[in-house]
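Just so it is clear, none of the values below were taken in a lab; they were calculated from the coordinates. From a predicted model like this one, the values you see are computed outputs, not experimental measurements. Quick reminder, even Gly has a Cβ in these numbers, built from the backbone with ideal geometry, and neighbours come from all protein chains shown.
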Amino acid sequence: MPDGTESESRKLLVRLRDTLAEGGAGQERLDKITHLIASSMLTEVCSIYLFRDDDTLELCATEGLKAESVHQTRLRLGEGLVGRVAKTTQIVNTADAPSERGFRYMPETGEEAYSSFLGVPIQRLGETLGVLVVQSKEARQFSSDEVYALEVVAMVLAEMAELGAFVGDGAALKALHQQPVLFRGTVGQEGTAEGHIWLHEPRVVVTNPVAEDPQAETERLRDAVNELRYSVDQMLSVAEGGDADHVQVLEAYKMFANSKGWLRRMEEDISRGLSAEAAVEKEQSIARSRMARSTDAYLRERLNDLDDLSNRLLRILTGQGSDTGAEMPDDPILVARNIGPAELLDYGRRLKGVILEEGSVGSHAAIVARALAIPLVVHARNITTEALNGNHVLLDGDQGVVHLRPDENVVKAFRDQMAMQAQAQERYASIRDLPAETLCGRRISLTMNAGLMADLPSLPTSGAEGVGLFRTELQFLVRNKMPKRAELSALYGRVLDAADGQPVVFRTLDIGSDKVLPYMKPNDEPNPALGWRAIRVGLDKPGVLRMQLQALIRAANGRPLSVMFPFIAQMDEFTVARQEIDKAMAREERLGHVLPSELKIGTMLETPSLAFAPQAFFEQVDFVSIGGNDLKQFFFAADRENERVRRRYDTLNVSFLSFLEGIVNRCRTTGTPLSFCGEDAGRPIEALCLAAIGLQSLSMRPASIGPVKHLLRRTNLGELYSVISEARESGVQSVRPAVMEYLAKAAIPSAS
Ligand code: PEP
Ligand code: MG
């Protein structure tokens, strides 16, 4: 690029900054800017189109087009060349606009006189705010330097818009971060919450997009990049030898941090007038729009890494750490792109809700959110860009919907819904101490699932009769190193103390598949759900299992103890696992520890194979608990983590229900106590049907106990079983419609 152009672009930016600094109302500023750009770029026309709403662009200021068309001319997204730039976020540069695909002539503007057209999107970090256009009579293609200059100006405009420079009388600019926005994500944990946004990593605000002294600016950038490289090296040396994924991400950071191309592009941006911060943001913006367009998962991941790295660099440059001095609101709803389980646990129950831009239903963070009973929505696209600290937000974890900055009507409807839920909660509280006894006189035992100390306060408040499933892996997942036996034993002891004599079923470590310990070398398996997980790991490498069994025996300290093995697929796995307990008991006795007063050893039934195990298995085992989440995924061959298929098959599908009934019958023959502890146990209709086919014990999230008990107490399971049987015989695929019809006829409100 010739030196002359370089300084021209810088001069333009400096003049732009000075113009903006002069003050004045929003419209006045926009008018001055169009004048300035047209005169600097020697074009007859310069126009600024801004989004009026998500689909409409409005001509907000112009130099050269007819003044009366300002605020009159509007285009839909995708309409005409301006709409095309906004929609595709791609530049249009043409010497002959009228012959361009999609050209639309707007007579009120008088633009027929202009042949050349250059339009660039006005965008900031992947958010498009409008389009900046220059036009001239002379039919010519704009040079790459001119394109570049206009792009940089557009970026500075976006930056100033972020700082509120154009809001004010007349300017129709879509007020940034002020309008209501609706996000449709995926349910991570049910529940509703109203509160105010707390950003896990607040946005870095760039207040100085333009700089006059490129030399000094380049030096600032280089110093910051050096600091960044150093910190990445530090992180790598700490992480090396640990989790391979983490190391891989840091390797990618390192590669980007040392990338000559990245630094060169930012230095070029500075030489054209941008400040170091704006240069970083410009490259970040480009990466984000590539990310939005890319369908290649690997490339998206790497661009994501670059995005993270850019944020780090911006924090170094601006001195804005993650602590911006902002105060956490009283009713915080956490927004993050992703968050680790330990970090989430640090926030703890202070949070009213969590919204993640990425995340997944089975992620560790989701597990923790569930344990803390905090509503969680994942996959809320762009939430981290849109939300600002302190924004009002409504989180509907039941539907996976988030209303950011909601208007009054939405707030009212939402509060009505919350009030109804609160009423229902009161109803549940009133039956908390009553048994889950059905109209036909059957008593169903309702216990809760837990995994953290944080769960235990729910034991008395929910009305649960004990803990039917304590997922011990959570203690391993939320730390960054393997917990010690003494720590585990103290924790299990506290769990038993909190249970105060009510039974607690401890499931031994269930890792592998989606549950990967951050400090254990992950195995690269083609299909982790079917791979080396749970008891398979425990039996092949028994060190951790032994340590855990010892910790459990010591924690019981003379009290009764129930231990359950996960993922037993055939009888001998149970036999060998049981021998481990026998050995642990003998060892503890030798060491002089008090043994549990009673020991029950059971298994989860999570693979269809175990339903057909020899009778001897059912005779040996003290109890069986159906892990419906895994069992269902293997029964239907539908991955429980895969959004596309996880809801595809109904639990009340006759095949599955009959299969479950077969398990009930087998356990009945041998008198083996049977329970069900998958998520379906907490869904009232599913719970009813499970009870109807003979399950006596259901273990679920504490929040589900009230609704399930309420419904059970109003139902005659004998009648319901006849309805199920008839439906099955009639050849339907799922018994759900028949069950719903029965409940409606019997005037049993199924939703409560
Ligand atoms: C299950 O599979 O149903 C279960 C309870 O175990 P988890 O969800 O922890 O795999
Ligand atoms: Mg399971």
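If contacts are Cα pairs under 8 angstrom and at least 6 residues apart, what is the relative contact order of the stretch 690-752 in percent?
Working: 31 pairs, mean separation 21.6, N = 63.
Once divided by the residue count of the stretch 690-752, the mean separation gives 34 percent.
Where in the stretch 429-528 are there chymotrypsin sites (Phe, Trp or Tyr not before Pro) that are in a DSSP coil and have at most 16 other Cβ atoms within 10 angstrom of their Cβ? Mind dumping the intermediate values first?
On the way: sites: PHE470, PHE476, TYR492, PHE506, TYR519; in loops: TYR519.
Qualifying residues, ordered by number: TYR519.
Just want the ordering: SER144, SER489, SER9, SER294, from fewest to most Cβ atoms lying within 10 Å of their own Cβ. If you can, show how the numbers build up before the last one.
Values: SER144 11, SER489 22, SER9 25, SER294 14.
Listed from fewest to most nearby Cβ atoms, that is SER144, SER294, SER489, SER9.
Could you go through the stretch 260-269 in sequence order and give the Karplus-derived ³J(HN,Hα) for each residue, using 6.51 cos²θ - 1.76 cosθ + 1.60 with θ = phi - 60°, rounded to whole Hz, and x for Gly and Pro?
For the stretch 260-269, the Karplus curve yields 5, x, 4, 5, 4, 4, 5, 5, 5, 4 Hz.
Taking the Cβ-Cβ separation of ASN480 and SER725 as r and a Förster radius of 60 Å, what is the calculated FRET efficiency to the nearest 0.05? Before the final figure, lay out the partial values.
Values: r = 52 Å, r/R0 = 0.87.
The value I calculate is 0.70.
Quick check: the distance between the Cα centres of the stretch 387-411 and the stretch 531-546, to the nearest angstrom?
Here the answer is 44 Å between Cα centres.
Which entries of LYS583/LYS709; LYS254/LYS515; LYS87/LYS352 have Cα-Cα distances beyond 32 Å here? Please list the in-between numbers first.
Numbers: LYS583/LYS709 40 Å; LYS254/LYS515 27 Å; LYS87/LYS352 36 Å.
Checking Cα-Cα distances, LYS583/LYS709; LYS87/LYS352 exceed 32 Å.
Could you work out the mean projected area of the convex hull around the alpha carbons of the stretch 490-637, in square nanometres to one decimal? Intermediate values should be presented prior to the final figure.
Working: hull surface 38.2 nm².
Result: a mean projected hull area of 9.6 nm².
Taking a spot 7 Å from the Cα of SER99 along the direction of its beta carbon, which residues of the stretch 136-150 have an amide N less than 18 Å from it?
136-142
Label the stretch 49-122 by shape, choosing from rounded, prolate and oblate, from the square roots a ≥ b ≥ c of the eigenvalues of the Cα gyration tensor; if a/c is under 1.5 it is rounded, and otherwise prolate applies when a/b is larger than b/c, oblate when it is not. Please list the in-between numbers first.
Values: a/c = 1.65, a/b = 1.02, b/c = 1.61.
Since a/c reaches 1.5 but b/c is at least a/b, the shape of the stretch 49-122 is classed as oblate.
Please get the size of the charge dipole for the stretch 426-514, origin at its Cα centre, with Cβ charges of +1 on Lys and Arg and -1 on Asp and Glu, quoted in debye to the nearest 20.
On the way: 11 positive and 11 negative charges, 47 e Å.
Around 220 debye, computed over the stretch 426-514.
Out of the stretch 18-57, which GluC sites (Glu not before Pro) are coil in DSSP terms and have no more than 13 other C-beta atoms within 10 Å?
GLU22
Tell me, what is the percent relative contact order of the stretch 200-324, built from C-alpha pairs under 8 Å that lie six or more residues apart?
Working: 114 pairs, mean separation 46.8, N = 125.
Here the relative contact order equals 37 percent.
Can you give the helix-only mean residue ellipticity at 222 nm for the chain, where every DSSP H stretch with n ≥ 4 adds -39500 (n - 2.57) and the sum goes over all residues, rounded to the nearest 500 deg cm²/dmol?
Working: 27 runs with 340 residues, N = 752.
Rounded to the nearest 500, the figure is -14000 deg cm²/dmol.
Within 10 Å of each candidate Cβ there may be at most 15 other Cβ atoms; applying that plus a DSSP loop requirement, which trypsin sites (Lys or Arg not before Pro) in the stretch 79-135 survive? Mind dumping the intermediate values first?
Details: sites: ARG84, LYS87, ARG101, ARG104, ARG124; in loops: ARG101, ARG104.
Sites meeting the loop and neighbour criteria: ARG101, ARG104.
Using alpha carbon centroids, what distance separates the stretch 125-146 and the stretch 548-569, in Å?
The distance from the Cα centre of the stretch 125-146 to that of the stretch 548-569 comes to 69 Å.
Based only on the alpha carbon positions, what is the Kirkwood hydrodynamic radius of the stretch 569-637, in angstrom? Could you put the intermediate results ahead of the total?
Details: mean 1/r = 0.0738 Å⁻¹.
The answer is 13.6 Å.
With 10 angstrom as the radius, rank TYR253, TYR298, TYR49 by how many other C-beta atoms surround their C-beta, starting from the fewest.
In increasing order of surrounding Cβ atoms, one gets TYR298, TYR253, TYR49.
For the chain, what does the relative contact order come out to in percent, with C-alpha contacts under 8 Å and a separation of six or more? Display every interim value, and only then the final one.
Values: 1400 pairs, mean separation 74.4, N = 752.
Normalised by residue count, the contact order of the chain is 10 percent.
Which residue, chosen from ALA113, THR62, GLN696, occupies the Cα position most advanced towards the positive end of the dipole of the chain, where the dipole is computed from +1 (Lys, Arg) and -1 (Asp, Glu) charges on Cβ about the Cα centre?
Among ALA113, THR62, GLN696, the one farthest towards the positive end of the dipole of the chain is GLN696.
Kindly identify the stretch 419-467 as rounded, prolate or oblate by the Cα gyration tensor criterion: order the square roots of the eigenvalues as a ≥ b ≥ c, call it rounded if a/c is under 1.5, otherwise compare a/b with b/c, prolate if a/b is larger, else oblate. Don't skip to the answer; put the middle values down first.
Working: a/c = 2.67, a/b = 1.16, b/c = 2.30.
Since a/c reaches 1.5 but b/c is at least a/b, the shape of the stretch 419-467 is classed as oblate.
Got a sec? Charge dipole of the stretch 274-359, +1 on Cβ for Lys and Arg, -1 for Asp and Glu; which of ALA342, GLN284, GLY353 is way out at the positive end?
Sorting the options by dipole projection puts first GLN284.
Tell me, what is a quarter of the convex hull surface for the C-alpha atoms of the chain, in nm² with one decimal?
Details: hull surface 147.0 nm².
Hull-based average projected area comes out at 36.7 nm².
Calculated FRET efficiency, LYS11 and ASP233, Cβ-Cβ r, R0 41 Å, to nearest 0.05? Before the final figure, lay out the partial values.
Values: r = 39 Å, r/R0 = 0.96.
With R0 = 41 Å, the Cβ-Cβ based efficiency is 0.55.
For the stretch 104-226, what class follows from the C-alpha gyration tensor (a ≥ b ≥ c being the square roots of its eigenvalues): rounded when a/c is under 1.5, otherwise prolate if a/b is larger than b/c, else oblate?
Working: a/c = 2.41, a/b = 1.32, b/c = 1.82.
Oblate shape, in that a/c is at least 1.5 and b/c is the bigger or equal ratio.
For LEU129, enumerate residues with amide H under 5 Å from its amide H, sequence gap 5+ or separate chain, H modeled in the peptide plane.
Here ILE122, GLN123, ARG124 satisfy the definition.
Find the centroid of the Cα atoms in the stretch 418-464 and in the stretch 30-54, then give the distance between the two in whole Å.
63
With unit charges on the beta carbons (Lys and Arg positive, Asp and Glu negative) and the dipole taken about the Cα centre of the chain, which residue among LEU157, VAL368, GLY493 sits farthest to the positive side?
It is GLY493.
Could you give the dipole magnitude of the chain about its Cα centre, charging the beta-carbon of Lys and Arg +1 and that of Asp and Glu -1, in debye to the nearest 20? Working shown, then result.
On the way: 85 positive and 104 negative charges, 520 e Å.
Approximately 2500 debye in magnitude.
Counting only other residues whose beta carbon sits under 11 Å from that of ASP296, what net charge do I get with K and R as +1, D and E as -1? Before the final figure, lay out each step's value.
On the way: positive: ARG290, ARG293, ARG300, ARG302; negative: GLU301.
Residues near ASP296 contribute +3 overall.
Stretched out fully, how many nm does the piece from ASP213 to GLN423 gain, at 0.36 nm a residue minus the Cα gap? Walk me through the numbers before you get to the answer.
Details: separation 210, 0.36 × 210 = 75.60 nm, distance 6.40 nm.
Difference between extended and current length: 69.2 nm.
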